[in-house]
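This report refers to the structure that appears directly beneath it.
No value in this document is a laboratory result; all are computed from the given coordinates. Since the structure is predicted, the reported quantities are computational estimates derived from the model, not experimental observations. Because the Cβ atoms are built from the backbone with ideal geometry, glycine has one as well, and the counts that use them run over all protein chains shown.
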Amino acid sequence: MSAKVIDGKEFAANVRAKVAEHVARLKEENGITPGLAVVLVGEDPASEVYVRSKGKSTVEAGMNSYEHKLDADTSEADLLALIDKLNNDPAVHGILVQLPLPGHLNSDLVINSIDPAKDVDGFHISNVGLLGTGQKSMVPCTPLGCLMMLRDHHGSLSGLDAVVVGRSNIVGKPMAQLLLGDSCTVTIAHSRTKDLAEVCRRADILVAAVGRPEMIPGDWVKPGATVIDVGINRIERDGKKKLVGDVEYESCAAVAGAITPVPGGVGPMTIACLLANTLTACCRANGLAEPE
Ligand code: NDP
């Protein structure tokens, strides 16, 4: 194995420590405590785990966490009323509605009812537009975490060929926008892409955000490339439950220059970036200097 393993856990711990430091300063110097409200509708077990872990990390960073758990059959009107209340609550600087929502709720409508300044997930249409036009916005947490690790590893990304496999609104598309913003030459691949292997082999930076266990083998990777594996897939192998990414780790690590593992790569960075976004939202709301 030749690739450098990008340790997302350690990177995330550093980001969280910096956020906690800044939060402590905000409290001491300005008497302000950032607050994050997380809204969960229904009882999806994976979502419950994510929400719990977000709440715990928020408190560990010294911020206030407000959890709102609503029944699976909550009406759209009631959910929108809660969001309106949170939008108008000065103690709440960030609002996150855990996705996916139960089928009877219109996710676009719900997300777009969040005050864009409090939209710490960066999914509101205004933030999507701001990001796409290179303006100051709230940046979606998962791609932001990937970008931070890439910048740290490469320094400048300018001129590098980047291939993003996956075009979802929450990962693939914003990831591509961020890489473009850093002057990469970006290709977005998806399920209709012709000769995906060949497209991937062009990449200096290969981001896999597909949701298919170990779909990308080592011979799709350009020697020395940086591989960012966003995928989180739960599989069973040899009678044991296991988490794997969208790339075949062993074979990709043998050719790549650097690679993120699963678990311990992109995943921990997502929550760290959520905390960072909440702090940023709080600073902006109070007209204070933003964290770097
Ligand atoms: P989506 O299902 O929304 O999107 C998957 C994308 O992959 C689609 O654009 C789809 O193409 C594309 N795709 C599917 N099959 C193929 C194929 N055979 N070849 C090429 N492209 C394909 O997933 P998400 O973006 O929400 O998530 C992707 C992965 O990242 C999942 O494993 C998810 O669990 C994980 N994830 C991890 C996070 C973290 O914190 N680490 C956060 C968010 C997600 P098309 O559009 O044509 O259908």
Total formal charge among the other residues, if their Cβ is under 14 angstrom from that of residue 21, Lys/Arg +1 and Asp/Glu -1: 0
Region 69-123 and region 273-292: distance between their alpha carbon centers, rounded to Å: 20
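If R₀ is 22 angstrom, what is the calculated FRET efficiency for the pair residue 99 and residue 64, using the beta carbon separation as r and rounding to 0.05?
Values: r = 23 Å, r/R0 = 1.02.
The formula returns an efficiency of 0.45 here.
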Suppose R0 equals 35 Å. What FRET efficiency, 1/(1 + (r/R0)^6) with r the Cβ-Cβ distance, do residue 125 and residue 254 give to the nearest 0.05? 0.25
Say each of residue 10 and residue 219 gets a label point 7 Å from the Cα, pointing the same way as Cα to Cβ; how far apart are those two points in nm? 3.4
Would you mind getting me the FRET efficiency between residue 151 and residue 2? Use the beta-carbon distance for r and R0 = 25 Å, nearest 0.05. 0.65
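Please arrange 283, 184 by counting, for each residue, the other beta carbons lying within 10 Å of its beta carbon, fewest first. All intermediate terms of the calculation are to be shown ahead of the outcome.
Numbers: 283 19, 184 23.
Final ranking by Cβ density, sparse to dense: 283, 184.
Of 9/118; 222/242; 56/118, which sit over 22 Å apart, Cα to Cα?
Details: 9/118 26 Å; 222/242 27 Å; 56/118 20 Å.
Beyond 22 Å: 9/118; 222/242.
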Neighbour-count order for 282, 146, fewest beta carbons within 10 angstrom listed first: 282, 146
Under the rule a/c < 1.5 gives rounded, and otherwise a/b versus b/c splits prolate from oblate, where does region 29-116 land using the Cα gyration tensor? oblate
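Figure the gain on full extension for residue 133 and residue 21 (residue separation times 0.36 nm, minus the Cα-Cα span) and round it to one decimal in nm.
Details: separation 112, 0.36 × 112 = 40.32 nm, distance 3.16 nm.
This chain segment gains 37.2 nm when fully extended.
Multiply the residue separation of residue 235 and residue 85 by 0.36 nm, subtract the distance between their alpha-carbon atoms, and state the gained length in nm to one decimal.
Working: separation 150, 0.36 × 150 = 54.00 nm, distance 4.02 nm.
So the extension gain works out to 50.0 nm.
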Gaussian network model of the chain, Cα within-10 Å springs - most flexible of 202, 16, 234: 234
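Please rank 238, 119, fewest neighbouring Cβ atoms within 10 Å first, as an exposure proxy.
238, 119
Normalised by the number of residues in the chain, what is the relative contact order in percent for Cα pairs under 8 Å and 6+ residues apart? Spell out each step's value before the answer.
Working: 589 pairs, mean separation 63.6, N = 292.
That works out to 22 percent.
Given axes a ≥ b ≥ c from the Cα gyration tensor, I'd like to know whether region 111-246 is rounded (a/c under 1.5), prolate (a/b larger than b/c) or oblate. Before the final figure, lay out each step's value.
Numbers: a/c = 1.96, a/b = 1.31, b/c = 1.50.
Taking the square roots of the gyration eigenvalues as a ≥ b ≥ c, region 111-246 is oblate.
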Please give every one of the aspartates and glutamates within straight-line cross-link reach of residue 54, meaning a C-alpha to C-alpha distance under 14 Å, and leave out same-chain neighbours fewer than 8 residues apart. 67, 121
Which helices, counted as full DSSP H runs in the chain, have an axial Cα extent of no less than 30 Å and a Kyte-Doolittle average of -1.0 or above? 8-30
Asserting the computed 222 nm helical MRE of the chain (DSSP H runs at least 4 long, -39500 (n - 2.57) per run, divided by residue count, to nearest 500) equals -13000 deg cm²/dmol
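Classify the chain as rounded, prolate or oblate from the Cα gyration tensor: take a ≥ b ≥ c as the square roots of its eigenvalues, call it rounded if a/c is under 1.5, otherwise prolate when a/b beats b/c and oblate if not. Write down the numbers at each step before the final one.
Working: a/c = 1.74, a/b = 1.49, b/c = 1.17.
Since a/c reaches 1.5 and a/b is larger than b/c, the shape of the chain is classed as prolate.
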